[in-house]
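*Asks:* Here's a structure for you.
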Amino acid sequence: MIKMLRIDERLIHGQVAVVWSKALSITHIIVANNDVVNNELQITSMKIAVPDNIKFIARDVKDTINILNNPKAENLSMMVVVRNFKDALEIAKNVKNIEQVNVGNYGLLPVNKHKGKPQKKIDATVEVDDDDMKYIKEIAELNVPFDSQLTPDSSKKNFKKIYG
């Protein structure tokens, strides 16, 4: 079962590896990103950040979809972390049994700063451009809860209600 599909440009850090994984009783974390999968240093850094009791892998988006659709994955308590809305949409459209899509941090780091494109702040830790808004609206139309929430104890903004 996919407890959460999280969009967070920082990928694995304390909020994800410790706070969210504990709140959701996560046993497995998958980072789905086509670039990170080829960066051994970044993968090693993320492995170090994940608690020992949680299994961690990094895969490209296509492989992640295949893993999540494997019947063996149904009995696991998983969180999938992606770096952008495009990858989140691809996974959400092709994988069943996602309990929620969550946005934590986006558009604030150079990796997602949009070259020359104006960005709009839509939440305290979320800045998007027009392309991102298209993906957000498509995710909001899917049959899955979709919100922005930094940590489990912070306020939640219902993206499905606003953008769906």
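*Asks:* Could you list, in sequence order, the residues of region 13-30 that are under 13 Å from the mean Cα position of the chain (by Cα) and at pLDDT 95 or above?
*Replies:* Applying the first criterion (under 13 Å from the mean Cα position of the chain (by Cα)) to region 13-30 yields 13, 15-17, 20-21, 29-30.
Answer for region 13-30, where residues must be under 13 Å from the mean Cα position of the chain (by Cα) and at pLDDT 95 or above: 20, 21, 29, 30.
*Asks:* Something else now. Which residue out of 80, 16, 31, 101 is over 22 Å from residue 157 (Cα atoms) and surrounded by 16 or more Cβ atoms within 10 Å (Cβ to Cβ)?
*Replies:* Details: 80 fails: over 22 Å from residue 157 (Cα atoms); 16 fails: over 22 Å from residue 157 (Cα atoms); 101 fails: over 22 Å from residue 157 (Cα atoms).
Result: 31 is the single residue among 80, 16, 31, 101 that is over 22 Å from residue 157 (Cα atoms) and surrounded by 16 or more Cβ atoms within 10 Å (Cβ to Cβ).
*Asks:* Starting from residues that are modelled with pLDDT of 95 or more and more than 18 Å from residue 55 (Cβ to Cβ), keep the ones in region 1-12 and report whichever is surrounded by the fewest Cβ atoms within 10 Å (Cβ to Cβ).
*Replies:* Out of the qualifying residues, it is 8.
*Asks:* Now for a separate question. Could you say which residue among 39, 70 is free of Cβ contacts under 8 Å to residues at least 12 places away in the same chain and either touching a helix residue (DSSP H, G or I) at 6+ places or on another chain (Cβ under 7 Å) or surrounded by 12 or more Cβ atoms within 10 Å (Cβ to Cβ) (or both)? Give the steps one after another, and end with the answer.
*Replies:* Numbers: 70 fails: either touching a helix residue (DSSP H, G or I) at 6+ places or on another chain (Cβ under 7 Å) or surrounded by 12 or more Cβ atoms within 10 Å (Cβ to Cβ) (or both).
Going through 39, 70 in turn, the sole match is 39.
*Asks:* With the requirement that a residue be of a type outside the set (Ser, Thr, Tyr) and either touching a Pro at 6+ places or on another chain (Cβ under 6 Å) or at positive phi (or both), what does region 9-47 give you?
*Replies:* Start the filter on region 9-47 by keeping residues that are of a type outside the set (Ser, Thr, Tyr), which leaves 9-20, 22-24, 26, 28-43, 46-47.
11, 23 - these are the residues of region 9-47 that are of a type outside the set (Ser, Thr, Tyr) and either touching a Pro at 6+ places or on another chain (Cβ under 6 Å) or at positive phi (or both).
*Asks:* Give region 140-164 a look and list any residue that's closer than 26 Å to residue 18 by Cα, touching a residue at least 40 places away in the same chain (Cβ under 8 Å) and touching a helix residue (DSSP H, G or I) at 6+ places or on another chain (Cβ under 9 Å), or say none.
*Replies:* Of everything in region 140-164, those that are closer than 26 Å to residue 18 by Cα, touching a residue at least 40 places away in the same chain (Cβ under 8 Å) and touching a helix residue (DSSP H, G or I) at 6+ places or on another chain (Cβ under 9 Å) turn out to be 144, 145, 146, 147, 148, 150, 151, 152, 159.
*Asks:* Would it be correct to say that residue 31 is over 22 Å from residue 140 (Cβ atoms), in contact (Cβ under 8 Å) with a residue 24 or more places away in the chain and among the β-branched types (Val, Ile, Thr)? Explain how you work it out, then say what you get.
*Replies:* Values: over 22 Å from residue 140 (Cβ atoms): yes; in contact (Cβ under 8 Å) with a residue 24 or more places away in the chain: yes; among the β-branched types (Val, Ile, Thr): yes.
For residue 31, the condition - over 22 Å from residue 140 (Cβ atoms), in contact (Cβ under 8 Å) with a residue 24 or more places away in the chain and among the β-branched types (Val, Ile, Thr) - is met.
*Asks:* Give the residue that is surrounded by the fewest Cβ atoms within 10 Å (Cβ to Cβ), with candidates limited to residues of region 109-164 that are within 18 Å of residue 99 (Cβ to Cβ) and at pLDDT below 90.
*Replies:* 161
The values are calculated or read from the model by the stated rules, or taken from the named source; none is laboratory data. As the structure is a computational prediction, the values presented were derived from the model and not from experiment. Glycine gets a Cβ as well: all are built from the backbone with ideal geometry, and neighbour counts include every protein chain shown.
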